[in-house]
Structures are given as structure tokens and as C-alpha cells.
1. Pairs, please: C-beta under 6 Å, at least 6 apart or cross-chain, first residue farther than 20 Å from PHE77 by Cβ and in the range 36-61, second of a type in the set (A, V, I, L, M, F, W, C) and part of a helix (DSSP H, G or I)?
2. Please specify each residue of the range 69-98 satisfying the condition of being hydroxyl-bearing (Ser, Thr, Tyr), part of a loop (DSSP other than H, G, I, E, B) and either in contact with a Phe, Trp or Tyr (Cβ under 8 Å, 6 or more places away or on another chain) or modelled with pLDDT under 95 (or both).
3. So which residues in the range 39-48 are part of a helix (DSSP H, G or I) and surrounded by 10 or more Cβ atoms within 10 Å (Cβ to Cβ), if there are any at all?
Amino acid sequence: MTKASVIHKGVRVELGGSTYILPPATIATLEDFSERLDAFNAKFAKQEEFNTADLGIVADLIHACLLRNYPEITRRFVAEQVDLGNFMDLMASAVDISGLLRKAQEQADQATSPAATEGGKLGESIGMASLPTS
């Protein structure tokens, strides 16, 4: 999928060697998965071990979120990419309610952009303050 066709902002995630934009879960998605998410969060809070049924909610939630930008993506593909090394990061991205993760990625992208490393237009630095107007 091309960058221009991504509809919803989100967090960049790597799945199967490709980069996807994972938008946050919608209210409808959270409502649909509320009981399972509550059970998952309770186990996490108590530091209990997860079983494979518990991990299914991760694939379901990530799939539901990715569908917002990638209607052709399958749950099977997502489930094959979610593993014990990335499932907590993916969950955090899916419930990035305040957008802090996305905003941090955007700031990092801006800091490494050619304009940021070479200075702004007309020789101004990116951090140049504007003059007071009053």
C-alpha cells in the first residue's frame, strides 16, 4: 500500500518485512473487544502468564486496527507476524489513545529530515524563534 493511500494516522510497525501504519483502535473496536481486553489487562496487571487464547486478542485487535488503512489485510497474516517479541509493543500502539507514540515518531522523522539537518529556508535554522507581534 502506498503512503498516499493511508487514511488514518498511526504508528509505524514492521510486519512481515513491510512497514504498516497502525492507527489506534476505534471506540467501536474497543467496545467489540471490551470483555476480552479487560481479561487480558487483568492478567497483565496481575503479572499472570498468558496462554494462546489470551494472545488471540492481540491478533484480533491489531487486525481490526490495520483494517482501517489496509482493507485487504487478513487476520491470518497479522497472527503470523505477532510474536512474543512484539505483541506488547503492538498492543501499546493499538491503544495509543493520546497519540503520544505517533507524535514521537513524527518528531523523530522531522528531526532526521533534510530540512532539519541542513537548516530551514533562506538559511534560517529550524529552531529560530519568531519575533513578538504585540
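The values are calculated or read from the model by the stated rules, or taken from the named source; none is laboratory data. What you are looking at is a predicted structure, and each value in this text was computed from that prediction instead of being measured. Glycine gets a Cβ as well: all are built from the backbone with ideal geometry, and neighbour counts include every protein chain shown.
1. From residues that are farther than 20 Å from PHE77 by Cβ, the pairs are ARG36/ILE57; PHE40/ILE57; ASP54/PHE40.
2. To start, the set of residues in the range 69-98 that are hydroxyl-bearing (Ser, Thr, Tyr) comprises 70, 74, 93, 98.
Among the residues that remain, those that are also part of a loop (DSSP other than H, G, I, E, B) are: 70, 74, 98.
Listed by number, the residues that qualify are TYR70, SER98.
3. Step one: list which residues in the range 39-48 are part of a helix (DSSP H, G or I), which gives 39-45.
Listed by number, the residues that qualify are ALA39, PHE40, ASN41, ALA42, LYS43, PHE44.
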